[in-house]
Amino acid sequence: MSSAARVLDGRTARFSRAQLDPLLSPVLQSELPGLAIALDEDAMRPLLQATLFGDGARYQIDRCNPGRAIYLGGDFCGVRYELEVRDTASGDTIEPLVMGRVFRDHKARAAFLRERLEPVAARLRGRPELAIFRTPIALLEPASMAVHVFPIDPELPAVGDATDRRRLIELLGARLPDVREGHFAIRDCRVEVANYARWPRCTLRYTLEGIAAGGAPSWRVVYGKVAADGSGERTLAVIAALRERLAQRGDRVSIPRVLGFWPDLQLLLLEAIPGRSFISRLLKEHLTGTQTPHSSTPSLAEAIATCGRIAVAIHTTKIGLGSRRALDDELGWSERSIQALRRVSPDLGAQLHAWHGQIAAYARQARPLEPGFSHGDFTGSNLISDGTASGLVDFDTVCQAQPALDLG
């Protein structure tokens, strides 16, 4: 155990639920009195049912999973709801995504509905995926919140165009090599949210249903990334440079090709590379003792070694793209986050602040490494493998940093 680890290990704090649970914070209760209702599934299910569909309607909410609550210091708290909605006529189930904001007062939420939501909703009026809702935007007074159904998003309005099936069939047909070469004809496009974790970006999965050249049914999968921060355009140069550099050196790391970029839609179109994320699954199996040996499944140690090889391949490309991210930048961001938390949860914030100071002191004692090209989000969800080949995705956050940033 390192000296830093011994210091932190010897000072493990014990907190009560009142010190840890933000819903029990007097500050949060005062600023956002509706938040407790907004995060209560049993309270929100009937509210959303009555507002979005109507009581006794054809569509019934069977499940309402609140999550991804993001509190932005006194103004509002964003919440997302993954719904499971049953069509009582057909028995089919749909899973719409509903987003909401809990505000301090009625004036703020009414202004948000009028000035931010109504213009976006008006642009998407008539969209088939919104037709089942009595209204796709609304105020929920008991929870002091405004809600809107995806793809209505005032922070990322371009996602509305990037989910328009009819427009997508036209756009994708002009860019997919198989379509242009006559090997595949698109008949329909199914749009799913693949990742909506970080504002202001959304990753969409497009499953294209069509006919192969011989007349047999066929499918293709591509990914679309919508970003309001300009990362889509920056990613074009990053992927081009990375694919070229890795190919020159013979490194066997799969990087998705860019199939197109539409500035007006803020949409970057990428090919799907074979496989799925694997580290989290293997780690869970290892910790629970449920991993079963299989010839096509790598062990956890082999998977970690694969991740190491990918990191080395990326870090030694000497690509000069990406902004600088230094240790002081990371320490400053984390300290600001702790200070924001400290206002709501003083005891927890004070302990985190103390630990942060110790970590910062030990980090500055280490000899810094030369900064270079780094992924910036080198996490398990972005490492892909199909058992034979491995790859890396999501290059929105590439930067010039010490290799330690990617290694956590």
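The values are calculated or read from the model by the stated rules, or taken from the named source; none is laboratory data. Not measured: the values here are computed from a predicted model. Backbone-built Cβ (ideal geometry, glycine too); neighbour counts: all protein chains shown.
Look at residue 101 and say whether it is under 26 Å from the mean Cα position of the chain (by Cα), closer than 22 Å to residue 66 by Cβ and touching a residue at least 12 places away in the same chain (Cβ under 8 Å). Criteria met by residue 101.
Given the condition part of a loop (DSSP other than H, G, I, E, B) and either within 28 Å of residue 258 (Cα to Cα) or in contact (Cβ under 8 Å) with a residue 12 or more places away in the chain (or both), answer yes or no: does some residue in region 112-123 qualify? Looking through region 112-123, none of the residues is part of a loop (DSSP other than H, G, I, E, B) and either within 28 Å of residue 258 (Cα to Cα) or in contact (Cβ under 8 Å) with a residue 12 or more places away in the chain (or both).
Of the residues making up region 85-100, just one is out of contact with any Asp or Glu (no Cβ under 9 Å at 6 or more places or on another chain) and closer than 24 Å to residue 145 by Cα, namely 100. Set side by side, the residues 191, 238, 222, 226 differ, and just one is in a helix (DSSP H, G or I), β-branched (Val, Ile, Thr), surrounded by 16 or more Cβ atoms within 10 Å (Cβ to Cβ) and at pLDDT 95 or above, which is 238. Only residues that are closer than 13 Å to residue 222 by Cβ, touching a residue at least 60 places away in the same chain (Cβ under 8 Å) and either assigned to a loop (DSSP other than H, G, I, E, B) or in contact with a Phe, Trp or Tyr (Cβ under 9 Å, 6 or more places away or on another chain) (or both) were counted across region 156-176, and they come to 4. Just one residue in the set 46, 128 is free of Cβ contacts under 8 Å to residues at least 40 places away in the same chain and more than 26 Å from the chain's Cα centre (by Cα); that residue is 46. Of the residues 277, 299, 218, the single one that is polar (S, T, N, Q) and in contact with a helix residue (DSSP H, G or I) (Cβ under 6 Å, 6 or more places away or on another chain) is 277. Screening 292, 297, 317, 306 for residues that are farther than 30 Å from residue 156 by Cα and surrounded by fewer than 14 Cβ atoms within 10 Å (Cβ to Cβ) leaves exactly one candidate, 292.
Out of 63, 101, one residue alone is more than 29 Å from residue 352 (Cβ to Cβ), modelled with pLDDT of 95 or more and surrounded by 12 or more Cβ atoms within 10 Å (Cβ to Cβ). It is 63. Inside region 82-111, residues that are in a strand (DSSP E or B) and not aliphatic (A, V, I, L, M) make up a count of 8.
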